[in-house]
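Undergrad: Quick one: this structure, given as structure tokens, is what I'll be asking you about.
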Amino acid sequence: MPRRLRVEYAGAIYHVMSRGDRREDIFLDDVDRQDFLKTLAEACQKTGWQIHAYCLMSNHYHLVVETPDANLVDGMAWLQSSYTIRLNHRHKLFGHVFSGRYKAQLVEGSGNGYLRTACDYVHLNPVRAGLLATEERLLAHPWSSWGWYLAAPRHRPQWIRVDRLLGEHGLAADTTSAREEFEQRMEARRMEEADEESLKTLRQGWCLGGNQFRKRMLEEMEGKLGDHHSGELHRESAEARAERIIAEELARLGWSESELAIRRKSDPAKLGIGARLRQETTLSIKGIAARLNLGTSKSANARLHQWMAKAKRSDAPTGTILK
């Protein structure tokens, strides 16, 4: 199973999801659910985590967690191992409770709506699972943070943070009227058709954010990916590194993007850029040919082999223009 690289930094936000071993139930009764929330509260106290949303289902749970300190891995290790010990002790069981690695999707918290997307997805999870009748309010599912958003601040646990999500919904103050407005909006949202593409991103993607955020996260990951990490991460990491190399070479040559596009396919400097991409990234020859306008992958491969052989004979470094 491909693994997700854990990127940790102060202030990072994650959509975390973890399933039961062999997709079996991780909560056998409501006491277990209460115990998990108690354990989560302890984890927040130990780590300083702030929870923007959570939802407990039968065989998995969701969290949207912000880490003021870069400590997701340590906190998750304590949370899941502590809950496992407590569950096994109470029910006189033994062995694993959770299946493999938890998912931790990076979420951009810039106020551009990505945090709202993640939290709304978590709060609407019981609706998608068919756990609520049409006439039932979202509040009818008691095992999510939704109820805390509708409660007065004095009644909320300190580890629940509501201001950022309310803000992304355009609700500036945590007032009774704002909370009522929030509930009306979310009750209306549950009736809307789900966008399958956005649901796919939330379920499978490694990152929920804009292009600049993804670029920064890929830079954080550079050099840290192994064979066990997902193909999607490898592809995006290669593309990000390739773009940095191209920008460096264009600046060195004094070229613009438009000039790169119109240069002939056999241009030595253009092939020098291609050779750098071939040697310094895992971008495919097809991807290199398309990005640099080098023709078909077959012809580009032949030209690059010739250029690199000539460079090797002359001991010229990759990227040097050969006359």
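Values in this text are rule-based calculations from the coordinates and carry no lab data. All of these numbers come straight from a predicted model, not from anything done at the bench. Because the Cβ atoms are built from the backbone with ideal geometry, glycine has one as well, and the counts that use them run over all protein chains shown.
Undergrad: What length, rounded to one decimal in nm, is gained on full extension from GLN158 through to THR296, with 0.36 nm per residue of separation minus their alpha-carbon distance?
TA: 43.8 nm
Undergrad: Moving to a separate point now. So what is the 222 nm mean residue ellipticity for the chain from helices alone, if each DSSP H run of at least 4 adds -39500 (n - 2.57) and you divide by all residues, rounding to the nearest 500 deg cm²/dmol?
TA: -16000 deg cm²/dmol
Undergrad: With labels modelled as points extended 7 Å from the Cα through the Cβ direction, what inter-label distance (nm, one decimal) is found for LYS46 paired with ALA70?
TA: 2.1
Undergrad: Starting from the Cα-Cα distance between THR176 and ARG252, subtract it from 0.36 nm times their residue separation and give me the gain in nm to one decimal.
TA: 21.5 nm
Undergrad: Further, regarding this structure: Which of the pairs LYS265/LYS310; LYS265/LYS286; LYS46/LYS200 have their Cα atoms more than 22 Å apart in this structure?
TA: Long pairs (Cα-Cα over 22 Å): LYS46/LYS200.
Undergrad: Sort ASP25, ASP35 so that the residue with the fewest other Cβ atoms within 10 Å of its own Cβ comes first and the one with the most comes last.
TA: So the residues, fewest neighbours to most, are ASP25, ASP35.
Undergrad: Also, quick follow-up: Once you put a point 7 Å from the Cα of SER266 and another 7 Å from the Cα of GLU239, both along the Cβ direction, what distance in nm separates them?
TA: Each label point lies 7 Å from its Cα, and together they span 3.2 nm.
Undergrad: Pulled fully out, how much extra length does the chain show between LEU28 and ALA151, if you take 0.36 nm times their separation in residues and subtract their Cα-Cα distance?
TA: Full extension of this stretch gives 41.6 nm more.
Undergrad: Work out the charge dipole of the chain with +1 on the Cβ of Lys and Arg and -1 on the Cβ of Asp and Glu about the Cα centre, then indicate which of HIS123, GLY210, ILE160 is farthest towards its positive end.
TA: GLY210
Undergrad: Mind scanning LYS38/LYS103; LYS38/LYS92; LYS103/LYS298; LYS38/LYS215 and naming the pairs with a C-alpha gap bigger than 31 Å?
TA: Pairs exceeding 31 Å: LYS103/LYS298; LYS38/LYS215.
Undergrad: Take the alpha-carbon positions of the chain, form their convex hull, and give its projected area averaged over all directions (one quarter of the hull surface) in nm².
TA: For the Cα atoms of the chain, the hull's average projected area reads 20.9 nm².
Undergrad: Per residue, what volume in Å³ does the Cα convex hull of segment 7-99 take up?
TA: Details: hull volume 8.0 nm³, N = 93.
Cα convex hull per residue, to the nearest whole number: 86 Å³.
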